[in-house]
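Q: Could you have a look at this structure, given as structure tokens, before my questions?
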Amino acid sequence: MLTLTDIAEDPLILTRGLRLRDASPAVLRPLVHADAERLADFLAGLSAQSRRLSTFDGYDLAAARDLCAAIARYDKLRLVLEDESSERIVGLFELSLALTTSDIARYLAAGIQLTERTDCRFGPTLADAYQGSGAGSLVFPFVTEAVRLLGRTRIILWGGVLADNAQALRFYEKNGFQHVGPFAGPHGTPSLDMILPLPGHEPPLTT
């Protein structure tokens, strides 16, 4: 089983090449310390609507440096999608190996017991120009590969998904996520919880 330290010491473990729908080459890889300025450009370029759907502590160089400084220090793995021709970061895919008490309580109320032994949280963000391009679905099998290598068998959404985010809902449903239930997010925002048991780890059918 991989650890976050293993990945930080050898990012090539989780580096994967792929071609986007327009045939342009791209690389999915772990965030590294040298990414701060490129990550800052990515965050700064997110529109107001994208920032409503994917919230970060900031969208500038200071925020990017904080994310890079957190590599292998806490519970997060961050993968970046890089356009090879421009070397620009065009996507950020976050995994958290820790659960929040509110996540645990909401899922338990829905009859699902979460544990940090089996579960992790997932949150994707794509640059505006790449949203709806299919890039997320091309990347997602590599995300689930990383989850498996980290020893987890289920993925829940990081902070849920906004109920009015139709594009994200289609993406999650297409990739096998199951609806768990609604909840009120920050400021009472209608949100939904969803979960994905990785193939081979689905719960047994009840009769």
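The numbers here are math on the coordinates, done by the rules we state, and not lab data. Because the structure is a prediction, the values reported are computed rather than measured. In this analysis, Cβ positions are derived from the backbone assuming ideal geometry, glycine residues included, and neighbour counts consider all displayed protein chains.
Q: Tell me whether the range 1-72 comes out rounded, prolate or oblate; compute the Cα gyration tensor, take square roots of the eigenvalues as a ≥ b ≥ c, and use a/c under 1.5 as the rounded threshold. Walk me through the intermediate numbers first.
A: Working: a/c = 2.11, a/b = 1.19, b/c = 1.78.
Oblate is the answer for the range 1-72, as a/c is 1.5 or above yet b/c matches or exceeds a/b.
Q: If you add up the charges near residue 151, with Lys and Arg at +1 and Asp and Glu at -1, over every other residue whose beta carbon is less than 14 angstrom from its beta carbon, what do you get?
A: Working: positive: 117, 148, 152, 154; negative: 6, 75, 116, 119, 145.
Residues close to residue 151 contribute a combined charge of -1.
Q: How large is Rg/Rh for the chain, to two decimals, with Cα atoms and a Kirkwood Rh? If you can, show how the numbers build up before the last one.
A: Details: Rg = 16.6 Å, Rh = 17.6 Å.
That ratio equals 0.94.
Q: With each pseudo-label sitting 7 Å past Cα toward Cβ, what's the residue 115-residue 16 distance in nm, one decimal?
A: 2.7
Q: How much net charge surrounds residue 64 when only other residues with a Cβ under 15 Å from its Cβ are counted (Lys, Arg +1; Asp, Glu -1)?
A: Values: positive: 38, 51, 65, 76, 78, 88; negative: 35, 37, 41, 57, 60, 66, 82, 94.
Summing Lys/Arg as +1 and Asp/Glu as -1 gives -2.
Q: Rounded to the nearest 5, what is the percent of antiparallel bridges among the DSSP beta bridges in the range 20-129? Please report the intermediate quantities before stating the final value.
A: Details: 19 of 19 bridges.
Taking every DSSP beta bridge within the range 20-129, about 100 percent pair in antiparallel fashion.
Q: Next up: Using a cut-off of 10 Å between beta-carbons, work out the net charge of the residues near residue 127 (Lys and Arg +1, Asp and Glu -1, residue 127 not included). Please list the in-between numbers first.
A: Details: positive: 88; negative: 41, 83, 128.
Overall, the nearby charge balance is -2.
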